[in-house]
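K.L.:
Please find one structure pasted underneath; my questions will follow.
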Amino acid sequence: MSRRGFARVLSAAAGLTATTGSSRLLAQGPALKELVPSGWLIGAAVNQNQSDGRDTVAVDLITRQFNTISPENLLKFQSLHPEPDRFTFEAADRYVAFGRDRGMAVIGHNLVWHSQTPRWVWDGPDGALADRTTMLARMRTHISTVVGRYKGRIRGWDVVNEALNDDGTLRDSPWRRGIGDDYIARAFEFANAADPNVELYYNDYNLATRPEKRAGAIRIIKDLQQRGIRIDAVGEQGHWRLGAPTAADVDRAITELRATGVKVLITELDVNLLASAGAPAPGQPPSPESNPYADGLPDDVQQALARYYADAFRVLLTHRDDIARVTFWGVSDGDSWLNRGRANYPLLWDRQRRPKPAFDDVVKVLMTWRP
Ligand code: XIL
């Protein structure tokens, strides 16, 4: 190991004894936030059991490992604004306080999306879609209230989430049908007006695997720039699978996205080990064929996952000046949204919250990269 690498190990170990003393934390190994390039944010999406402090093992892990958090569900439209005149901020306030208390960069996710948004937002009279003026007014009220409330406390917002189809055309979401293609520009304007200092992001998935979708994201960024509307970064969600995207795909995606001038974020990183076909309907038991790892992950797959994560981080590190943040979509395998009735293993900590080989390999890559 290089001198520098060794110094990093030592300082990571010093951080351990300074912050803990508890064997539960010592068992976690080194902290990712102490190993990433300086200036990088590294984080996880947290759920309410975590931000409310009930899941104490996960809370220790999040506190020790990460310098940023994202809200898995708590700041979505339906969580904050279930009815036109009713906002529900209690759990969201606790999420923001959780991050601020720990000196973390607190992320907002998200303001405008076709999913997890209550019907009333888009409804007009007699079952029709609301007209442009009405829908824009609702969008503005939501954005100005929510962004305004957390002004100075939230670092950045996913302003628009998943506006694209896989072929790069604009998704025909109710927002677009009601307002028109400029709904994206208006959302960014409203967010900027509510907090001129908060970072503003466009966030989507498959930007690394699908060049035509990435071209669509680049069109959105350039359109905002041409209109003189601020956008600070683009998020590739990073819902990846073993082998897709490849390291070369990730490299190309970051290069192309960064060429627009905005920074790149990996916002929802996880690696799905199960086929999407065969996922059970909600509440139904999975078929045994669709749930191959119900009794545990075979060692060869465990090692392949570790290699995939290591390769991914190696590429991310070659782009260390292009990337501002890497956020995992969850902390441990048991928390992941990818289980859905099956046993999936997409993250760096296992169901017992023990670090997996993928964690060890990511740590090794982080300890040995050279500037
Ligand atoms: C997911 C959450 O993880 C789940 O708990 C919820 O049931 C559905 O949403 N893209 C996004 C995230 O932008 O908000 C989604 O989160 C995962 C896909």
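The values are calculated or read from the model by the stated rules, or taken from the named source; none is laboratory data. Here the structure is a predicted model, which means the values were calculated and not measured. Here the Cβ positions follow ideal geometry from the backbone for every residue, glycine too, while neighbour counts run over all protein chains shown. Quick note on the areas: whole protein, heavy atoms, side chains included, nothing else; ligands and nucleic acids left out. Shrake-Rupley method; radii C 1.70, N 1.55, O 1.52, S 1.80 Å.
The rows are residues; the columns are (1) modelled with pLDDT under 95; (2) of a type in the set (Phe, Trp, Tyr); (3) touching a Pro at 6+ places or on another chain (Cβ under 6 Å); (4) open to solvent by less than 10 Å² (accessible area, probe 1.4 Å).
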{"site": "313", "(1), (2), (3), (4)": "no, yes, no, yes"}
{"site": "317", "(1), (2), (3), (4)": "no, no, no, yes"}
{"site": "320", "(1), (2), (3), (4)": "no, no, yes, no"}
{"site": "324", "(1), (2), (3), (4)": "no, no, no, no"}
{"site": "328", "(1), (2), (3), (4)": "no, yes, no, yes"}
{"site": "337", "(1), (2), (3), (4)": "no, yes, no, no"}
{"site": "342", "(1), (2), (3), (4)": "no, no, yes, no"}
{"site": "346", "(1), (2), (3), (4)": "no, no, no, yes"}
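K.L.:
Tell me yes or no: at least one residue of region 184-199 is within 16 Å of the ligand (Cβ to nearest atom) and either under 26 Å from residue 46 (Cα atoms) or more than 19 Å from the chain's Cα centre (by Cα) (or both).
P.N.:
Checked against the condition, which is being within 16 Å of the ligand (Cβ to nearest atom) and either under 26 Å from residue 46 (Cα atoms) or more than 19 Å from the chain's Cα centre (by Cα) (or both), region 184-199 yields at least one hit.
K.L.:
Please verify whether residue 230 is among the basic types (Lys, Arg) and more than 16 Å from the ligand (Cβ to nearest atom), treating the condition exactly as stated. Walk me through it before giving the result.
P.N.:
On the way: among the basic types (Lys, Arg): yes; more than 16 Å from the ligand (Cβ to nearest atom): yes.
Judged against the criteria, residue 230 is a match.
K.L.:
Any residue that is closer than 20 Å to residue 61 by Cα and out of contact with any Pro (no Cβ under 6 Å at 6 or more places or on another chain) - is there at least one of those in region 301-310?
P.N.:
yes
K.L.:
Could you please find all residues in region 152-172 being out of contact with any helix residue (DSSP H, G or I) (no Cβ under 7 Å at 6 or more places or on another chain) and closer than 21 Å to residue 108 by Cα?
P.N.:
Passing the criteria: 152, 155, 156, 158, 161, 162.
K.L.:
In the list 66, 77, which residue meets the criterion of being at pLDDT 95 or above, under 19 Å from the mean Cα position of the chain (by Cα), aromatic (Phe, Trp, Tyr) and within 14 Å of the ligand (Cβ to nearest atom)?
P.N.:
Details: 66 fails: within 14 Å of the ligand (Cβ to nearest atom).
After ruling out the rest, the residue left standing is 77.
K.L.:
While we're looking at this one, here's another question. I'd like to know if region 51-61 contains one or more residues that are farther than 19 Å from residue 175 by Cβ, at pLDDT 95 or above and within 14 Å of the ligand (Cβ to nearest atom).
P.N.:
yes
K.L.:
Looking at (1) surrounded by 15 or more Cβ atoms within 10 Å (Cβ to Cβ); (2) modelled with pLDDT under 95; (3) part of a helix (DSSP H, G or I), which is the only condition residue 126 fails?
P.N.:
Unmet for residue 126, out of (1) surrounded by 15 or more Cβ atoms within 10 Å (Cβ to Cβ); (2) modelled with pLDDT under 95; (3) part of a helix (DSSP H, G or I): (1).
K.L.:
Something else: So which residues in region 237-278 are within 16 Å of the ligand (Cβ to nearest atom) and either surrounded by fewer than 18 Cβ atoms within 10 Å (Cβ to Cβ) or on the phi > 0 side of the Ramachandran plot (or both)? Before the answer, list the steps.
P.N.:
So the first thing to find is which residues in region 237-278 are within 16 Å of the ligand (Cβ to nearest atom), and the list is 237-241, 265-272, 274, 276.
Of everything in region 237-278, those that are within 16 Å of the ligand (Cβ to nearest atom) and either surrounded by fewer than 18 Cβ atoms within 10 Å (Cβ to Cβ) or on the phi > 0 side of the Ramachandran plot (or both) turn out to be 238, 241, 272, 276.
K.L.:
Sort out which residues of region 107-122 are over 22 Å from the mean Cα position of the chain (by Cα) and either crowded, with 18+ Cβ neighbours inside 10 Å or within 13 Å of residue 96 (Cβ to Cβ) (or both), and write them in order of number.
P.N.:
Residues satisfying the conditions are 121, 122.
K.L.:
Here is a further query. Pick out the one residue from 177, 214 that is basic (Lys, Arg), buried (at least 22 other Cβ atoms within 10 Å of the Cβ) and part of a helix (DSSP H, G or I).
P.N.:
On the way: 177 fails: buried (at least 22 other Cβ atoms within 10 Å of the Cβ).
Going through 177, 214 in turn, the sole match is 214.
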